[in-house]
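Shown next, in structure tokens, is the structure this report addresses.
The values are calculated or read from the model by the stated rules, or taken from the named source; none is laboratory data. Just so it is clear, the model here is predicted, and its values are computed rather than measured. With ideal geometry, Cβ positions are generated from the backbone for all residues, glycine too; neighbour counts draw on all protein chains shown. Calculation scope for accessible area: heavy atoms of the full protein, side chains included, ligands and nucleic acids excluded. Shrake-Rupley method; radii C 1.70, N 1.55, O 1.52, S 1.80 Å.
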Amino acid sequence: MKKIVLSLAVAFATATGFAQEVQYTEYDLDNGLHVILHQENGAPVVTTGVMYQVGAKDEEPGRTGFAHFFEHLLFEGTENIERGKWFDIVSANGGSNNANTTQDRTYYYETFPSNNLEMGLWMESERMLHPKIEQIGVDTQNEVVKEEKRQRIDNAPYGAIIYRTGIDKHLFKSHPYGQSVIGSMEDLNAAKLSEFQDFNDKYYNPNNAVLVVAGDIDINATKKMIKDYFGPIENKAPRNVRKSIVEQPITSTRFATEYDANIQIPVKIFSYITPKSTDRDAYVIDYISAVLTGGASSRMQKRMVDEEQIALQVLAFGQSNQDYGTYTMGALAKGDIELSKLAEVMDEEIVKLQTELISEREYQKLQNQFEAQYVSSNSRVEGIAASLARYNMLMGDTSLINQELDVYRGITREDIKRVANQYLMPNQRLELDYLAGTAPTEEEMKDAMDDVKVVDNKLQINKIYFDNDKAVITASASKELDRIVNMMNKNASMEILAETYTDTKGSDAYNKTLSQKRADAVRSYMLAKGIAANRIKAVGRGEENPIVDCESKNCSDEELEQSRRTEFTITKK
């Protein structure tokens, strides 16, 4: 059905510019291709984009990474575009192009001077009609994808956070959002050429795509070209009808640890499953993210980085997809600050949102900030083209391009408080410790899994020592604590007492305070590993019961170190 949108929008001035309604025409070709046209003759450029309804969530188990792989593969060439010449043609005609993949869709586009509109339409019709999917192309792009994974994730600091490969797998246990967009290199290596060809035939069809042309065009002339280039293309499969996969809500805190050999500064992460993109509360989550970490005056930035100086940097980002969204927040520790301390402060900031309305000043700042973002995202035809395709395919309503700002402006301070209570409770999240270094080897894991011996209710472990005047869990200490955690996981009713001691240097009051900090560090570490708070009591004993009597003789550093220890007693079997 043909649908022309020319409604009169409410245009309003903002502090950053003038937001005007995006006018567009949309209709379907006989083969099911949905077409959206936006005429804007202010500059002699035009963007041609095609969005396909196929993303990482559509992949079969054991064949992950296909959708992202096709983002690369479909630039290899077609029956009429020589292999390796795609980018040369675009460049020679004064254009630029790119593609990107998400969990829900894949998007390709070219931007040309408007007198080369037909070039863009021809190239995208070539990609849809008869791409060359050959072994040489698969082998070439396999290496390209491997290098991309190395550069962006494997060898990039915090890559598993930025690209969520270290997060989503812990959040989603049933839904395919738990698998990464870039997928598994093993799956791609194992795939046969025929599987790639079948994947193309199944998903890259007119009835599974949206074509957008935005910019300096004549509507009628563009329609004729679209009919000529895309009208004859036949479908090789029915439209992709997705199954509804339900992810059960998180009802008790999940704990996980990830390692990154490319970093030196650890990160504490909270991550939550949030509403899908069409849910109004997804927009409220965007506001919450901005309040907490959106700029130099945001709450976590001011408190954790500027005032208390316990974090080098704070972060937060939301992602609202077709089926579910996610919201992730975190902080990079400064110096010897424990991750548990970062978690404590982040929780305090969340509780403030749950119990107090944000100020009118903060609220107005949010309104201005999101109006500015809207104007910026639709200031170029490339952005408008992508938005039109996204609203139509992923949200089911192209007109949202002109309604989204009203949704943001309709959010109240009470909405922010309600949504924080509804979705950001501690029992609804993943708590992730993102640590420097490499994950333990199988041998190290085996050693950690060995049962801890018990003599007279005392756990016989290697002493958990602390550096002089420090209350930071060392690498060797963490391995011993992991052994105790494993033992407690095997024995669900076990409760223990952790008693932490100092050496005899310093005053009694200083040693008592320091030993309690160390006891708290031990307890926080075990809580972060999932041990319930009622199963571990931690007490600082100061300089009681020294291993070596250093008051009657001069002790060496090694002898003093022996007193800086933690002892564990089983209080309930």
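Some observations on this one:
- With respect to being of a type outside the set (Ser, Thr, Tyr) and crowded, with 20+ Cβ neighbours inside 10 Å, Leu129 falls outside the description.
- Any hit, the stretch 391-406, residues being small (Gly, Ala, Ser) and closer than 23 Å to Tyr163 by Cα: no
- Residues being within 21 Å of Tyr177 (Cα to Cα) and either touching a residue at least 60 places away in the same chain (Cβ under 8 Å) or open to solvent by 20 Å² or more (accessible area, probe 1.4 Å) (or both) - total across the stretch 306-364: 14
- Failed criterion for Ala237 (all others in (1) in contact with a Leu (Cβ under 6 Å, 6 or more places away or on another chain); (2) of a type outside the set (Phe, Trp, Tyr); (3) under 21 Å from Asp58 (Cα atoms) hold): (1)
- Failed criterion for Lys243 (all others in (1) at pLDDT 95 or above; (2) loosely packed, with under 13 Cβ neighbours inside 10 Å; (3) not assigned by TED's automatic domain parsing to the domain that holds Thr64 hold): (1)
- Failed condition for Ile263, given (1) in a loop (DSSP other than H, G, I, E, B); (2) over 29 Å from Pro275 (Cβ atoms); (3) more than 21 Å from the chain's Cα centre (by Cα): (3)
- Any chance Asp260 is of a type in the set (D, E, K, R), assigned by TED's automatic domain parsing to the domain that holds Ala372, in contact with a Ser or Thr (Cβ under 9 Å, 6 or more places away or on another chain) and closer than 30 Å to Gln367 by Cβ: no
- Residue check: Met119 meets all listed conditions (1) over 18 Å from the mean Cα position of the chain (by Cα); (2) part of a loop (DSSP other than H, G, I, E, B) but one, namely (2).
- Residue check for Gly94: at pLDDT 95 or above and not assigned by TED's automatic domain parsing to the domain that holds Lys276: yes
- The set of residues in the stretch 258-298 that are among the β-branched types (Val, Ile, Thr) and either surrounded by fewer than 21 Cβ atoms within 10 Å (Cβ to Cβ) or at positive phi (or both) comprises Ile263, Ile265, Thr278.
Residue-wise test of (1) without any contact (Cβ under 8 Å) to a residue 60 or more places away in the chain; (2) within 30 Å of Pro426 (Cα to Cα); (3) surrounded by 14 or more Cβ atoms within 10 Å (Cβ to Cβ); (4) of a type in the set (Ser, Thr, Tyr).
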| position | (1), (2), (3), (4) |
| --- | --- |
| Phe196 | no, no, yes, no |
| Tyr203 | no, no, yes, yes |
| Thr222 | no, no, yes, yes |
| Ile250 | no, yes, yes, no |
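- Scope the stretch 171-194; condition in contact with a Gly (Cβ under 8 Å, 6 or more places away or on another chain) and outside any loop (DSSP other than H, G, I, E, B); matching residues: Leu171, Met185, Asp187, Leu188, Ala190
- When the stretch 437-449 is filtered for residues that are among the aliphatic types (A, V, I, L, M) and either at pLDDT 90 or above or more than 17 Å from Thr474 (Cβ to Cβ) (or both), the ones remaining, listed by number, are Ala439, Met445, Met449.
- Taken together, the criteria exclude Asn100 from residues that are over 28 Å from the mean Cα position of the chain (by Cα) and at pLDDT 95 or above.
- Single match in Asp154, Asp187 (criterion: acidic (Asp, Glu), at pLDDT below 95 and under 20 Å from the mean Cα position of the chain (by Cα)): Asp154
- Which listed residue, of Thr504, Thr513, is open to solvent by 70 Å² or more (accessible area, probe 1.4 Å) and either more than 38 Å from the chain's Cα centre (by Cα) or modelled with pLDDT of 85 or more (or both): Thr513
- Residue check, Glu186 of a type outside the set (A, V, I, L, M), touching a residue at least 24 places away in the same chain (Cβ under 8 Å), open to solvent by 10 Å² or more (accessible area, probe 1.4 Å) and assigned by TED's automatic domain parsing to the domain that holds Gly49: no
- Which numbered condition Arg380 fails, given (1) under 28 Å from Arg418 (Cβ atoms); (2) surrounded by fewer than 18 Cβ atoms within 10 Å (Cβ to Cβ); (3) at pLDDT 90 or above; (4) out of contact with any helix residue (DSSP H, G or I) (no Cβ under 6 Å at 6 or more places or on another chain): (1)
- Checked against (1) in contact with a Gly (Cβ under 8 Å, 6 or more places away or on another chain); (2) closer than 21 Å to Thr326 by Cβ, Gly55 passes all but condition (1).
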